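So the structure is just underneath, and the comments pick up after that.
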Amino acid sequence: MKAITKTNVVKNIFFLAISLASLSTFAQEDKKFSFSGSADVYWKANLSGTNEADEDGNFNTPPTSFANRSGFSLGMANLIASYEGEKVGFVADLVFGPRGEDAVFLSTGSSNIVNQLYVYWNVSEKVRLTMGNFNTFLGYEVISPVGNFNYSTSYMFSYGPFSHTGIKADFTLSDDLSLMVGVMNSTDFTEINLDGSYTAGAQLGYKGQYLNLIYGAQTGLPGETFQIDYTGGFDLSDAFYLGINTTYNTTDGSGFYGFALYPQMTTSEKFSIGLRGEYFKEFDGGVGVFGLAPDSDADVFEFTLTGNYSISDLTIKPELRFDSASNDIFLDGDDEPTGSLASFLIAAVYSF
């Protein structure tokens, strides 16, 4: 074995620096290869309920995805490598940390860090074919906190699809009109098809407004899943934007529906503030948010006020959230069941 000396370490660092500089030069000159990503962390506390985990390690928190731990916690590191050629390209999107693990919950082994992995072919200027694992086209919110105004996520996002694996075709029909159609594995089964179940998907877009659909058999579920979803928004002024999301999902007669508004105002070059107001309802057992019996219904109102303060590539997000459910799914300060919970967090999101 070669001895490790201070000289060898210096040489290795030097050659690594030269390699990275060469890669950077290639990326700048060719303008095809890119490397980007983000890192996020947060601190969270409940204002009206216990901050302690139960005996199973579950925290008293809204039953939505991510931002679901108390005290100082980690989000995820996100590393994205992509190559964009004139005709073909690829995207490899890797995630590390609790948020990433929750996002790819049905993946195992080495695939447990793969958020997206796909290749594409620009058949023409108006047609692109994509094959692989890609994040869902349904909903207003996304997995990466860089793409969301609020740090915590909505109920509709949390119980809708996260990702799909399959093949899709994107058509540019005009400057304002687009169409996507695809065939995919069961929702969130991103690395394998266990039983021959497939789901069809489609998206119709017009001037930034999108109508999304999925329909097909889902591994482990009775009957087919149907979901229709509208996502869009409008610039009401130079400083005020209103986002909208509504969705309906059913599988064998049970499911959920919801509606959310996202008013956001830019107050200065560095600061903006936004509210998410959401209503979410399960029916005939739903998807298990409230622990319902098969013939039960339950709903929840959720209001989340978030600020975004930018310091170069770092965004600080203070956030106040209030959830009010028809079932006692939270614990108050005395560890007694209650239907409401107020919480506060402050997140730091760095993107590059």
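The values are calculated or read from the model by the stated rules, or taken from the named source; none is laboratory data. Values in this document were obtained by computation on a predicted structure and should not be read as measured data. Cβ atoms come from the backbone with ideal geometry, glycine included; neighbour counts cover every protein chain shown. These accessible areas exclude ligands, DNA and RNA; they are computed on the full protein's heavy atoms, side chains included. Shrake-Rupley method; radii C 1.70, N 1.55, O 1.52, S 1.80 Å.
Worth a mention:
- Among the candidates Leu117, Leu173, Leu177, residue that is within 24 Å of Tyr198 (Cα to Cα) and either of a type in the set (A, V, I, L, M, F, W, C) or in contact with a helix residue (DSSP H, G or I) (Cβ under 7 Å, 6 or more places away or on another chain) (or both): Leu117
- Of all residues making up segment 231-245, the number that are assigned to a strand (DSSP E or B) and among the aliphatic types (A, V, I, L, M): 2
- Restricting segment 230-274 to residues that are closer than 25 Å to Asn308 by Cβ and of a type in the set (Asp, Glu) leaves a set whose member that is surrounded by the most Cβ atoms within 10 Å (Cβ to Cβ) is Asp235.
- Test: Asn212 is open to solvent by less than 20 Å² (accessible area, probe 1.4 Å), in a strand (DSSP E or B) and in contact with a helix residue (DSSP H, G or I) (Cβ under 9 Å, 6 or more places away or on another chain): no
- For segment 288-303, the condition of being part of a strand (DSSP E or B), open to solvent by 30 Å² or more (accessible area, probe 1.4 Å) and of a type in the set (Asp, Glu) holds for at least one residue.
- Flag: Ile228 does not match the condition of being modelled with pLDDT of 95 or more, out of contact with any Phe, Trp or Tyr (no Cβ under 7 Å at 6 or more places or on another chain) and part of a strand (DSSP E or B).
- Count of segment 138-147 residues, restricted to those that are out of contact with any Lys or Arg (no Cβ under 8 Å at 6 or more places or on another chain) and either among the β-branched types (Val, Ile, Thr) or open to solvent by less than 30 Å² (accessible area, probe 1.4 Å) (or both), is 6.
- Subset of segment 148-203 [open to solvent by 40 Å² or more (accessible area, probe 1.4 Å) and among the acidic types (Asp, Glu)]: Asp170, Asp175, Asp176, Glu191, Asp195
- For segment 119-135, the candidate set comprises residues that are of a type outside the set (Ser, Thr, Tyr) and in a loop (DSSP other than H, G, I, E, B); within that set, the residue that is surrounded by the fewest Cβ atoms within 10 Å (Cβ to Cβ) is Glu125.
- Residue within segment 310-319 that is closer than 14 Å to Asn68 by Cα and surrounded by 15 or more Cβ atoms within 10 Å (Cβ to Cβ) present: yes
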